[in-house]
Structure formats: structure tokens, C-alpha cells
Amino acid sequence: MDASPADPPPVLRLDAARFAGVRNEGTFDLELFRGEIRHLGANSPSLQILGVLPLLSGSILVNGRSWETRDVADREAQLRRIGTVHHPRGASSSIWISNLDIDENARLAGHFDPERGSAAVAERAEALAHRFGLAEGLPTTRPAVTALREQILAQWVRAFLPEPLDLLLLESPLLGAPVESIPALVAEIEHVRGTGCPVLWISEDEPDFAKLGIRAHLDETAVREPA
Amino acid sequence: MQGEKSEKAVAVESGGSRRFRISGWDGTLDFLALATECVIATLLPRSWRKPVRTRLAKQILFAGVEAVPFTVFAGILMGIVLTLNSYRWLEFTGRIDFLGPALSILVIREAAPAFACVILIAASASAMTTELATMRVSGEIDLLESQGINLVQFLAMPRALGLAIAGTGLALIFVACAFVTAVVTILLIGRTSPGPFFDSIFSSIVAADFVSLIGRSTVPAFLIGLICCHVGVNTSGSLTAIPQAVTRAMLLSVAATLLISVLFALVAYL
């Protein structure tokens, strides 16, 4: 998507970014505008995109600013508006806090959002859990004793829980996911894209978005108004 | 734009949170910044999110409530030891009427806060450091940071405050057990009536004793919590770094306890 000078800046911009620990040795240049969905052919770079781990080289801008230029409060506020599905066996190694139950894990960041109450976070989480196929809600068990299928679905819940959602990073989101839940994920992706949230699909192989039912482009006038 | 870095340099750099890094003088400043931020966060109502309140309750349960039986045991034993020793030497010097005041000073100002901190270090400091160091090594701290969760509020504040509350409670329980045991011991010895003995204890206690008791149990316990969080979160490398971190945290905790004890003694006696 070509941007004109009047357009808002990309929500996410990678400039010659080289990630540590990913199999792809190349550098990445990418601009992700509101409502867009793009594929990034890397293994599990989300913690580096989020500024938690350093890049080997290059730079990353989120909403026009690099992580280094933000103070702690601003950085945390921005991170709370980014939903992430981590690769189940990615370089980040942990996708859950091991001494919290899955439901506590999924809601944790939501509880730190000053704009939302705990009850609203819990209600939204349960609604998402049912939508994705967790009939009994989020598992109330420790990650170590929770089935991979339920962990995948709970990760989806955690990723879509932030409100408003500025950016969605999906690292191999379909890996280990139950087939019957995929349409619900696609519907939720399309919904958040409709609100202007861009999606970065991160996997080594490019998915067939059309086959999944994900539109390559949305109605631009609906999503490209200033943030 | 970031400069070019080697994979190894990045791996080393990513081993510790930028906000918790400790090394040399910078590390001391980091620790002071952590302590200050922790105290400020404690005073702000917006810091007390549901997970933080839950963590505080669990910390008081683990460090305080679960340590009560051992504290009672230690209080009873120390009550017997201190009473018998004091009795023997005061009788020898002909000042047995000072038994109550001597015990109140020994128990309230010295033994209770020291034992409360020792129990916390032995039972909780090692567990806390191990937990946080494991979280760091396994990438769970990175996961928290990636979700925009404030590490000071979620990890440090409830643990440090929980230890402070637990330490104060344990010190008070220790005092109660030691005094009750002292009375029982006096009764068994049978050479001094317990009534006047108890009166002499209470008449010798002044407000400064309570300030000393609370200060010497609360402040070191709070610092023990911060030290464990600081050392645990700054652990880098592999699982083998965890035992080293635990040893370091426990030694630093003992040193902090002794330093605070000396400071309070200087203020109280000079």
C-alpha cells in the first residue's frame, strides 16, 4: 500500500531490522498501515519487535516512535495496546507465567490497564474464550498441565484482549490450533482490522490469506483516518 | 538506528532487564531507584491492581502465616534461654530486680527483630530469589515486559511489602511467646513471683522500644524483599546461575539486616 504525504504514519515500521535468533538471516523492511495485514517471514521475533530484546541491527518504529525514545510509562501503555500470539516453541521460550493459571495469565495485562476494571476484563476474556471454542471458558489450570490446544486458544484470547488494539502480532497462530476454531480467529482478525488495527502475521511460510478467508485489503476510507 | 551487534553481544544484553540491571555503583543506584519507586508505588492507589493485591496476600501467607509455627518454637526456646541466662547473671551480681527490664531490652530490641529477619531470610528469601531468577532465565520476565506490565508493581512491590508485614507480625509473635515462656520459666524456678516480674517488664517498656521493634523488623524485611527481587531479576545466563544468585541474595540480606540493626541501635542508644 503506497502512502501519500497526507497519510498517517505506519503503525509499525521496520527499517533494515535484523533479528537475533531467527533462522532467516536477512534484514527486514516493512511498513504496516492501519487495517493492513502483512506477512513477515521470520520465526519468532515478536519480543524484538516489542523492544524487549534488542535487534542485531536496524530500527523499529511503533506509531512513529522507537522504543528507546519512550519513557517507561509511555512504553508500557503502548505495549498494553499490542496483542501478541507467541510462537509456542519460539525463541522467547515462555508463553506463560508458570506460577499463574492460564486464565490469570490471559487477563494479567488487562488488569494493569488503568482505563478498564477487572470485571470488564474478565467479561471480555470469557466472551472471547467462548467465541474461540473454549466452551468452559479459560482454563483454570497451570500451563504445565494444560493441553496445547487450550493454550493456543487462550493465547488468542490474550492477544485480542487489549482495548483499544493498536497492533496485532501473530506468531504462527495456527500451529497446534483446532481446525474448527480457525474461522472464529479469522472473523476476529477481520473485526479488529475493521477498527483500524493492523495485523502482522509472522511465520516461516507465508499463509494463503485468501484461502483462510482473510481479505488482503480493506475499504481504505474506513481504516485510514488519522489515529 | 541501532549499531551492528554480534549475536553473542545481544544474547548477553538480553539476559537482564534494562530497568533492573545491577553491577557496581550503577547497581547501587539502580537498587536505590528500585527502592524509591517501590515506596512511591506503595503509596499510590492506582498501583494496587487485582494481581498485585493477590500477590501481596500470597506473600503474607507464604512468608508470614506459614512461618508462625517456627516463630512460636523459636520464641519459646529463646524465652527460656534468655530468662535462664539473665536470671543467673543478675542473681550473681545481686540485681535480680533488673530481670524484667533486661529481658524486655533483650527480647524486644534485639532478639525478636533479628530472629524475624533470620526466619524470613531462611524461609522466604531463597524461595523468592529462586522464583524470580527462574522467571528471568526461562523468559517469563521478558513476557511480562512485552505485555506492558510494570515489573516494580507486579514483582517487587507486593513481595517487599509482604515481607515487611510478615516480618513485623513474626517479631510481635516472637515477643509474645518469649515473654510468656519467661513467666513460665520464672514460675518453675520459683524464686521470683511472676506478678512483680511482669510488672517490671511492662514498666520498663517505653515507646522507643516499640519504635525499635517495628523499625528493626519492618525496614530490613522490606529491604530483604527488594534485594531478592533485584538479584533474582538480574540473574542472567543459564539455570546454573540461579544457585549463585540465591547465595548472593541471602548474603546481601544478612548484611542489610545487620546494617539496619546497627543503625537503629545507634539511634536508640546514642
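The values are calculated or read from the model by the stated rules, or taken from the named source; none is laboratory data. Because the structure is predicted, anything quoted here is derived from the model rather than measured. Using ideal geometry, Cβ is built from the backbone for each residue, glycine included, and neighbour counts are taken over all protein chains shown. Note: areas computed on protein heavy atoms with side chains; ligands, DNA, RNA excluded. Shrake-Rupley method; radii C 1.70, N 1.55, O 1.52, S 1.80 Å.
Order B:L84, B:L239, A:L168, most accessible first, counting only protein heavy atoms with a 1.4 angstrom probe.
B:L239, B:L84, A:L168
So what is the calculated 222 nm ellipticity per residue for the protein assembly as shown, using -39500 (n - 2.57) for each DSSP H run with n of 4 or more, over all residues, to the nearest 500 deg cm²/dmol?
Per the formula, -17000 deg cm²/dmol.
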(message) Taking 8 Å as the Cα distance limit and 6 or more residues as the minimum spacing, I'd like the relative contact order of chain A as a percentage.
(response) 28 percent
(request) Within a 10 angstrom radius of each residue's Cβ in B:147-157, how many Cβ atoms of other chains show up on average? Whole number is fine. (result) 5
(request) Determine the sum of side-chain charges near A:E31: Lys and Arg each +1, Asp and Glu each -1, restricted to other residues whose C-beta is under 9 angstrom from that of A:E31. (result) 0
(request) Give, as ranges by residue number, the residues of segment B:173-192 whose backbone N falls under 15 Å from the point 7 Å along Cα→Cβ of B:D199. (result) B:192
(request) Might you report the magnitude of the Cβ-based charge dipole of segment B:47-269 about its Cα centre, with Lys and Arg at +1 and Asp and Glu at -1, to the nearest 20 debye? (result) 220 debye
(request) Just report the Cα centroid separation between segment B:253-270 and segment B:33-48, whole Å. (result) 24 Å
(message) Charges on Cβ only, +1 for Lys and Arg, -1 for Asp and Glu, centred on the Cα centroid of chain B; of B:I149, B:G27, B:L84, which one is farthest towards the dipole's positive end?
(response) B:I149
(request) For an R0 of 45 angstrom, estimate the FRET efficiency from the Cβ-Cβ distance between A:E204 and B:T240 and round to the nearest 0.05. (result) 0.90
(request) Give me the accessible area of A:S44, 1.4 Å probe, in Å² rounded to the nearest 10. (result) 10 Å²
(request) With all protein chains present, calculate the accessible area of B:M128 using a 1.4 Å probe and round the result to the nearest 10 Å². (result) 10 Å²
(request) With springs only between Cα atoms under 10 Å apart, run a GNM on chain A and tell me which of A:A144, A:A20, A:A73 wobbles the most. (result) A:A73
(request) On the protein heavy atoms, probe 1.4 angstrom, tell me the percent of accessible surface of segment B:27-148 carried by carbon and sulfur. (result) 73 percent
(message) A drop of at least 10 square angstrom in accessible area, chain alone versus all protein chains together, probe 1.4 Å. Which residues of segment A:72-89 meet that?
(response) A:V72, A:R75, A:E76, A:L79, A:R80, A:H86
(message) Which order do you get for B:S200, B:S217 if you rank them by accessible area with a 1.4 Å probe, largest at the top?
(response) B:S200, B:S217
(request) Rounded to the nearest 100 Å², what's the accessible area chains B and A bury against each other, both chains counted, probe 1.4 Å? (result) 3200 Å²
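Whole number in Å², please: accessible area per residue of the protein assembly as shown, 1.4 Å probe, ligands, DNA and RNA not counted.
Dividing the accessible area of the protein assembly as shown by its residue count gives 43 Å².
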